[in-house]
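Read through the structure below, which is laid out as structure tokens, and then see the notes.
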Amino acid sequence: MGTLADLAAQRFGTDTEVAEVEAGPGRDVLAALLSHRTHRRFLADPVAEDTLNLLYACALSAPAKSDLQQSAIIRVQDPGKRAAIAELMPEMGWIGTCPVFLLFCGDSRRIRKLCQLREHEFANDHLDAFLNAAVDTALVMQNFITAAEAAGLGCCPISVVRNHIDQIAEITNLPDHVFPLAGMCLGHPAHPGFTSTRLPPAMIVHTDQYDDSQLPEQIDAYDHRRDGIYTIPPEKQRMTAEYGRSDFYGWSEDKTRQVSVRERDDLAAYLRRHGFCLD
């Protein structure tokens, strides 16, 4: 497996100074986090129910804002519902073929119903109510991924469910104040996958104040470092009709082309229709 520094270097594509930790369960967790890989190809083997129950328990052990626990997990088992969701995203065939498909949802409904039950006002009906549920759910989802990988399973989060938020909500009968944050494919990996080269800590971690004054130089170095590990093939270049083909097509060119296309214009409208105040 190598040292933690070896794993960090593999993650960032460059030597990264990190502490070494004595062998044991703690080091195994650190090594697993540094070695995280997303999986989109799965064996047909089912995931045991008691394993799923363990993953749920680990997921729901995540931190929660003020202990409000504002998340919900929907397991989509009905073949018709699975097929309907998969048809919305045909470019992601793994949604229809993975052994387990879950929907991680922000849930502000439960605490509001409890306020009615206990005859208290829900006084914080503004943007923060949505953010709290979204962050709680993201933490639950990350705990689920970490637990799944520790159990020898692989995951693929699906944010594209928000591109089809009304249809997803209808298929899974989501009530007001509940919204899909992401889908999740789960199963036994059919392929070891690969380590995605990340932006280095020097670009992400700031001291005392935000500083991106070195961004042009840093991103150029990252683009070339990442390209040296994996070159995006010419046929994978996005939107060539609009932007042409680039002789050098790095991560930043790919991602800025990606976000130049508008998506999810209906997200805020969906949230408002389902009871959220976003002011």
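Of these, 11, 40, which one is assigned to a loop (DSSP other than H, G, I, E, B), closer than 30 Å to residue 225 by Cα and within 19 Å of the chain's Cα centre (by Cα)? Just a single option satisfies the conditions, and that option is 40.
Please determine, by comparing only the residues of region 185-195 that are surrounded by fewer than 23 Cβ atoms within 10 Å (Cβ to Cβ) and at pLDDT 95 or above, which one is farthest from residue 71 (Cα to Cα). Only one residue tops the list, namely 190. Is it fair to say residue 122 is aromatic (Phe, Trp, Tyr) and either in contact with a helix residue (DSSP H, G or I) (Cβ under 6 Å, 6 or more places away or on another chain) or crowded, with 18+ Cβ neighbours inside 10 Å (or both)? It is true that residue 122 is aromatic (Phe, Trp, Tyr) and either in contact with a helix residue (DSSP H, G or I) (Cβ under 6 Å, 6 or more places away or on another chain) or crowded, with 18+ Cβ neighbours inside 10 Å (or both). Give region 239-279 a look and list any residue that's assigned to a loop (DSSP other than H, G, I, E, B), of a type outside the set (Gly, Ala, Ser) and over 22 Å from the mean Cα position of the chain (by Cα), or say none. Of everything in region 239-279, those that are assigned to a loop (DSSP other than H, G, I, E, B), of a type outside the set (Gly, Ala, Ser) and over 22 Å from the mean Cα position of the chain (by Cα) turn out to be 239, 245, 247, 248, 249, 274, 276, 277, 278, 279. Just to verify a result, which residue in region 134-170, among those that are in contact with a His (Cβ under 8 Å, 6 or more places away or on another chain) and among the aliphatic types (A, V, I, L, M), is farthest from residue 67 (Cα to Cα)? By that ranking, first place goes to 153. In the set (1) part of a loop (DSSP other than H, G, I, E, B); (2) touching a residue at least 60 places away in the same chain (Cβ under 8 Å); (3) surrounded by 12 or more Cβ atoms within 10 Å (Cβ to Cβ), the condition left unmet by residue 232 is number (2). Candidates are the residues of region 129-142 that are buried (at least 19 other Cβ atoms within 10 Å of the Cβ) and polar (S, T, N, Q); the one that is farthest from the chain's Cα centre (by Cα) is 132.
Does region 77-95 contain at least one residue that is among the β-branched types (Val, Ile, Thr) and surrounded by fewer than 20 Cβ atoms within 10 Å (Cβ to Cβ)? No, the conditions are met nowhere in region 77-95. Considering only region 14-37, state which residues are in a helix (DSSP H, G or I) and surrounded by 16 or more Cβ atoms within 10 Å (Cβ to Cβ). Selection gives 30, 31, 34.
The values are calculated or read from the model by the stated rules, or taken from the named source; none is laboratory data. Source: prediction; values computed, not measured. Heads up, the Cβs are rebuilt from the backbone with ideal geometry, glycines too, and the neighbour counts pull from every protein chain shown.
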